[in-house]
Amino acid sequence: MLDRREVSNSWFELLNMLYNIGLWYMKHAAALCLKESVSEDQAKEVHMCLRQAAGIFNYIEREKSKCSQDFEPGSDFDSDVLQAYSSQCLAEAQEVVVVRAIELKHKPAVTFSVSLDTARRFSESAERLKAKDMTKFGKWYLYLMLKNELYLAYAFTFFSDSLLAEDRCGEAIRTVREAHSKLDKAIALSVEYKKAKGASSAPVKIDEHHFVQRLRPILKRMTDKCNHENGIIYHQKVPMELPDFELKPLFGIAEAVDFVLPSKSALWTAEAYAGFDISKAQMPDFSVRSGQICVCT
């Protein structure tokens, strides 16, 4: 039987391995997205990888109490850090949905709804880091905030399209102006992000990235369309306040894939465990050089 310390150490090692798997899923998804052309199968793989990563981080959060040690604030096992990762993964999974909704020309209300929830999830992730040491978490926090502003810009762009279809042109103009404001904030945050210290694989020139370049022509088209239609047909006043909108998403919401620890293999018998005797291990003396020299000619 293992004692309490050994059980704790075993869980600590297991959860650390799972942490690395979760991070690998995130990095793999990011690598696929960097390609010039992402196929439908690759987009599905990105979506699944990020949902699996979120499930792993949720699992670590649930099971970390089996480790006897206390975890420092801001460490890998800090609940805020784990939940920030989980929310970020789901937000990035929904980025795939937003792109698909735009490419397949779904109803503007659908694209608005998914974009708004994607922005919410980036904001939720950022809130988890808001009280952390910004010398360590600042770059990550800025990335999440600029993504929040960017997807609010997406959301308001497509919301204005929905309003225009309902002959609410004045409100559509107010909403498209808000989209411009959010995009400007995202670009401003990207400047701060570039200056911030810290490791990150996110693109430095955010304003040149594909998710900004994709939005700009759509936003310009909606702006021109709203102003043109209001000048010729509607002649509606532009309100000071944004129109009310439904916060509940309609479709395309990403959910974490629950991680389930695999059952123990039947090969792990008492005899198999007994075969692992560290006292019989012959470790090399790393302080002594082997003496073998490779001569390159």
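Read-outs throughout are calculated quantities, based only on the coordinates presented, and are distinct from any laboratory measurement. On a predicted model such as this, the values are computed, not experimentally measured, just so you know. Using ideal geometry, Cβ is built from the backbone for each residue, glycine included, and neighbour counts are taken over all protein chains shown.
Sum -39500 (n - 2.57) across every DSSP H segment of at least 4 residues in the chain, then divide by the residue count to get the 222 nm mean residue ellipticity, nearest 500.
Details: 9 runs with 184 residues, N = 297.
It comes out at -21500 deg cm²/dmol, rounded to the nearest 500.
Looking at the chain, identify the longest residue range that excludes and avoids all GluC sites (Glu not before Pro) in DSSP loops having at most 15 other Cβ atoms within 10 Å. Let's see the in-between values first.
Details: sites that count: 36, 166, 241, 246, 255.
Value returned for the longest uninterrupted segment is 37-165.
Rounded to whole Å and sorted largest first, list the principal axis extents of the Cα atoms in region 1-78.
52, 29, 15
Taking 28 Å as the cut-off for C-alpha to C-alpha distance, list the pairs among 105/147; 147/195; 105/197; 44/197; 44/147 that go past it. Show your work: numbers first, answer last.
On the way: 105/147 22 Å; 147/195 17 Å; 105/197 39 Å; 44/197 33 Å; 44/147 21 Å.
Over 28 Å apart, Cα to Cα: 105/197; 44/197.
Taking DSSP loops as anything outside H, G, I, E and B, show the longest stretch in the chain free of chymotrypsin sites (Phe, Trp or Tyr not before Pro) there with at most 11 other beta carbons within 10 Å.
After excluding every exposed loop site, the longest remaining stretch is 1-267.
Under a cut-off of 17 Å between alpha-carbon atoms, report the aspartates and glutamates in cross-link reach of residue 132, not counting same-chain residues fewer than 8 places apart.
Correct list for residue 132: 72, 76, 78, 80, 124.
Okay, which of region 135-177 sit inside 19 Å, backbone N to the point 7 Å along the Cα-Cβ direction of residue 235?
167-173
Just to be sure I understand, if you calculate Rg and Dmax of the Cα atoms in Å for this structure, which of (i) 21.1, 67; (ii) 25.6, 103; (iii) 25.1, 89 do you get?
Step by step, Rg and Dmax of the Cα atoms in Å for this structure corresponds to label (iii).
How large is the charge dipole for the chain, taken about the Cα centre, if only the Cβ atoms of Lys, Arg (+1) and Asp, Glu (-1) carry charge, to the nearest 20 debye? Could you put the intermediate results ahead of the total?
Working: 39 positive and 41 negative charges, 140 e Å.
I would put it at about 680 debye.
Fully extended, how many nm does the chain gain between residue 216 and residue 280 (0.36 nm per residue separation, minus their Cα-Cα distance)? Mind showing how you got there, number by number?
Values: separation 64, 0.36 × 64 = 23.04 nm, distance 6.63 nm.
Full extension from residue 216 to residue 280 adds 16.4 nm.
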